[in-house]
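Just below is one structure, and these are the notes that go with it.
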């Protein structure tokens with residue numbers, strides 16, 4: 001298969017070529033698209049996150065094999081952002097903002113297992129740190145909603 005299609009997927013349809021903060025832009029775009037998916041069904045958002053994760057591993061392996069997480073690869077941010085959003089009951093603005101900020105903070109700071117995954121190499125590692133950040137972010141959002149129902153509505 002041509003390298004153009006995997007690069008298109010790995011770069012989240014061109015978002016990765018944005019000259020300033022392409023990961024943040026991809027996360028923001030993911031929030032907007034994810035809000036629409038969540039509005040339709042949380043299962044649709046979950047399916048999209050799974051497809052982005054599995055498709056991202058394939059695309060990164062095909063398009064950026066051997067590279068250490070190139071800046072233009074942002075499908076990992078899309079998948080991670082969608083995973084965080086799975087903890088939201090509906091796409092309300094406060095929850096979307098917190099999901100975005102929480103994911104970006106975890107993705108940038110890379111605490112604990114996120115940093116461990118980031119120090120690995122290969123397509124699984126490129127996706128892995130963002131997927132772990134998404135899972136941790138979702139757990140934190142879920143905990144916040146459990147402690148204070150309606151907090152993110």
Looking only at the stretch 81-99, and only at residues there that are without any contact (Cβ under 8 Å) to a residue 60 or more places away in the chain and buried (at least 22 other Cβ atoms within 10 Å of the Cβ), the one that is farthest from residue 49 (Cα to Cα): 95
Would you say residue 87 is modelled with pLDDT under 95 and in contact with a helix residue (DSSP H, G or I) (Cβ under 6 Å, 6 or more places away or on another chain)? no
Can residue 71 be described as touching a residue at least 40 places away in the same chain (Cβ under 8 Å) and more than 24 Å from residue 13 (Cα to Cα)? no
Residue set 49, 26, 63, 67; condition on the phi < 0 side of the Ramachandran plot, crowded, with 21+ Cβ neighbours inside 10 Å and at pLDDT below 95; output residue 63
Residue 44 being surrounded by fewer than 21 Cβ atoms within 10 Å (Cβ to Cβ), assigned to a helix (DSSP H, G or I), under 12 Å from the mean Cα position of the chain (by Cα) and modelled with pLDDT of 95 or more: no
Looking at this structure, is residue 36 at pLDDT below 95, out of contact with any strand residue (DSSP E or B) (no Cβ under 9 Å at 6 or more places or on another chain), assigned to a helix (DSSP H, G or I) and surrounded by fewer than 18 Cβ atoms within 10 Å (Cβ to Cβ)? no
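The values are calculated or read from the model by the stated rules, or taken from the named source; none is laboratory data. Computed from a prediction, not measured in an experiment: that's the story for all the values here. Heads up, the Cβs are rebuilt from the backbone with ideal geometry, glycines too, and the neighbour counts pull from every protein chain shown.
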